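First up is the structure itself, then whatever we jot down about it.
The values are calculated or read from the model by the stated rules, or taken from the named source; none is laboratory data. Since the model is a prediction, treat every value here as computed from it, not as a measurement. In this analysis, Cβ positions are derived from the backbone assuming ideal geometry, glycine residues included, and neighbour counts consider all displayed protein chains.
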Amino acid sequence: MRNESLAFLKNLIETPSPCGHEARGQRVWMDYAGQFADETFSDAYGNCVAVLNKGGSPRVMLAGHADEIAMTVNFINADGFIYVRKVGGIDPIVTRAQRVVIHTAGGPVKGVVGNVAPHLTKTEGEPKAPKIHDLFIDIGAGSAAEAKKLVRVGDLITIEQGFDVLRGDLAVARAFDNRIGTFAVAETLRLLGESKTKVHAEICAVSNIMEEVGLFGARQIAYSLQPDLALVVDVTHATDYPTVSKEQHGDVKIGAGPAITHGGCNHREIVTRLEAVAAKQKIPLQHEAMSATSGTDTDAIFWTRGGIPSALISLPNRYMHSPVELVSLKDLKKIPELMAAFCQSLKKGEKFKIKI
């Protein structure tokens, strides 16, 4: 991965972007993607779009979601300890004993999620997993009055864990879900802009909001953009580590290339084209099956306005929704290469429709 692209990814990861408060991360994305676009714009709730080859046909939406899972201040007790609610799929087990940042109107406030030492806990039988309401945050305040001078109910909270390279091309961070998606669609614009191959399609790279709490941003921007087709980038569960059942969750490996999903919201003709393009570009693909839903923005986009032909491309990710998500940068690099080649394969005015 080129140095400028890696620096952009690191900046995205380390800029907090909790659900519903994505503006800081969106500014980072717009500054980068705008270098390769004909125009950029955002909508009322902060979905961001960078357009290349405006007026081309078909109109292609390349989408990743900008938001990360988080917590929010729910209650401050008499001693100044802070209790929280989930914002997205926070796992209370891995959230204990983490450093956090509370994002307030007055600036960031540091804290830790308290964890009672084992010496002080005696339980009969197996200990129970904590619930979100069991967690408390210590900001060093001695009373509710002192804490309330610093934070208020509704302030967002993110884990304080940044980007690092573990070994070789393996990187670790919080919130690869789904900074890798917004990274990939911006990089696709860069590759298309630098290529000498003519693109007939209008390319709309989208960094959309609030996926983790209901796929809301994708619904908004897909409705207003009215694309002819959409490629969605997200993470998927790698299953190549201990205790994960391949029989139940499939066989997806770190370092074996991006995964494409079959079934449901994934349009057969687009999936077939992706496979053909990948074979031509010698990009390795892994394959996943789905039941009723994919759990991604693809579910919201594909049924908008009577149906937008869509497909999901995923990056294998170990330890999803934890502070130590682990991905392969080589796998990630292949995703914008695949999407750029797909966009270059489109004929002027091409439509995708299931043959009956």
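Just one residue in the set Ile260, Ile221, Ile209 is in contact (Cβ under 8 Å) with a residue 12 or more places away in the chain, in the same structural domain as Met320 (by TED's automatic domain parsing), touching a Leu at 6+ places or on another chain (Cβ under 7 Å) and of a type outside the set (Asp, Glu); that residue is Ile260.
Please verify whether Pro130 is within 26 Å of the chain's Cα centre (by Cα) and modelled with pLDDT under 95, treating the condition exactly as stated. Considered against the rule, which asks whether it is within 26 Å of the chain's Cα centre (by Cα) and modelled with pLDDT under 95, Pro130 comes out as yes. Pairs linking a residue in the stretch 27-42 that is charged (D, E, K, R) to a residue that is surrounded by fewer than 17 Cβ atoms within 10 Å (Cβ to Cβ), with Cβ atoms under 7 Å and 6 or more positions apart or on different chains, are Asp38/Lys54; Glu39/Lys54.
Kindly indicate which of Ser345, Ser328 is closer than 20 Å to Asp169 by Cβ, surrounded by fewer than 24 Cβ atoms within 10 Å (Cβ to Cβ) and small (Gly, Ala, Ser).
Criteria check complete, one pass: Ser328.
Within the stretch 102-139, being out of contact with any helix residue (DSSP H, G or I) (no Cβ under 9 Å at 6 or more places or on another chain) and closer than 12 Å to Phe81 by Cβ holds for Gly111, Val112, Gly114, Phe136, Ile137, Asp138. Residues in the stretch 205-219 that are of a type outside the set (Asp, Glu) and either part of a loop (DSSP other than H, G, I, E, B) or surrounded by 23 or more Cβ atoms within 10 Å (Cβ to Cβ) (or both): Ala205, Val206, Ser207, Asn208, Ile209, Met210, Val213, Gly214, Leu215, Gly217, Ala218. Determine whether Met71 is surrounded by 24 or more Cβ atoms within 10 Å (Cβ to Cβ), touching a Cys at 6+ places or on another chain (Cβ under 6 Å), among the aliphatic types (A, V, I, L, M) and closer than 30 Å to Cys48 by Cα. No, not satisfied. Remark: pairs (first residue in the stretch 266-277, in the same structural domain as Val233 (by TED's automatic domain parsing); second residue outside any helix (DSSP H, G or I) and β-branched (Val, Ile, Thr); Cβ separation under 7 Å; 6+ apart in sequence or on different chains) = Arg268/Ile354; Glu269/Ile354; Val271/Ile260; Leu274/Ile260.
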